[in-house]
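Let me begin by presenting the structure, written as structure tokens, before commenting on it.
The values are calculated or read from the model by the stated rules, or taken from the named source; none is laboratory data. Please read these numbers as outputs of a predicted model, since none were measured by experiment. A quick note on method: Cβ atoms are made from the backbone with ideal geometry, for glycine too, and the neighbour counts reach across all protein chains shown.
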Amino acid sequence: MKILFLDFDGVLNDCGYVIDLSKEFFGFHTYLDKYSYCTELDPVRIERLNEIVDETGCFIVLSTAWRYYGLEYCKEILTMRGFRFPHRIIDITPIHDFEEDSRVQEVILWLMINDPERDLSHYVMLDDDIEPTGIDRIGKEHITQTYLADVIEGGLTEIKKRETIRKLIGDNDE
């Protein structure tokens, strides 16, 4: 089984996308702080997510802060924005308040609970807010045959989509 751990904000949207929306809607650029863009998900990035799921057959576990609203809410929002595979979203990571690298720690905890025998074949974590120490720790101590994509700028780009597909299907050649 292939699992994609998915963050929303910064992966399926970014500030630039929402600024463009505000210009289109209001006719001018409105001030947005770094949290304002969480209300809209970019349909282009949603389509890239569709392509990842379609080509790999992966399941999705939500690691996004949106999971506080519940699994069904997140499925509904993604579907409203054009996601075609809500049935492939199977779970959310546990919500804990770790002192550092909380998303990474929550993914580790999910894996320890749900995959103690390491039966899952490949894991990918798409997140724009992962500390490098967290990537090193999760990669070295907890997961084999994995890829963690730190989507820093531009969200789920075409290049990140192709990398994610390649890693999920097991083609690790560069």
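For the reader, a short list of remarks on this structure follows.
- Any hit, segment 121-135, residues being over 23 Å from VAL53 (Cα atoms), modelled with pLDDT of 70 or more and either assigned to a loop (DSSP other than H, G, I, E, B) or not aromatic (Phe, Trp, Tyr) (or both): no
- Residues that are β-branched (Val, Ile, Thr), surrounded by 21 or more Cβ atoms within 10 Å (Cβ to Cβ) and touching a Phe, Trp or Tyr at 6+ places or on another chain (Cβ under 6 Å) within segment 55-96 comprise VAL61, THR64, THR93, listed in sequence order.
- Members of segment 36-70 found to be touching a residue at least 24 places away in the same chain (Cβ under 8 Å) and outside any helix (DSSP H, G or I), listed by number: GLU40, LEU41, ASP42, GLY57, CYS58, PHE59, ILE60, VAL61, LEU62, SER63, THR64
- All conditions in (1) modelled with pLDDT under 90; (2) among the aromatic types (Phe, Trp, Tyr); (3) assigned to a helix (DSSP H, G or I) hold for TYR73, with the sole exception of (1).
- Matching residues, segment 66-93, being β-branched (Val, Ile, Thr) and over 14 Å from the mean Cα position of the chain (by Cα): ILE77, THR79
- Residues in segment 2-54 that are surrounded by 14 or more Cβ atoms within 10 Å (Cβ to Cβ), modelled with pLDDT under 55 and either within 17 Å of the chain's Cα centre (by Cα) or charged (D, E, K, R) (or both): 2 in all.
- Checking the stated criteria, PHE83 turns out not to satisfy the condition of being in contact with a strand residue (DSSP E or B) (Cβ under 8 Å, 6 or more places away or on another chain) and of a type in the set (Phe, Trp, Tyr).
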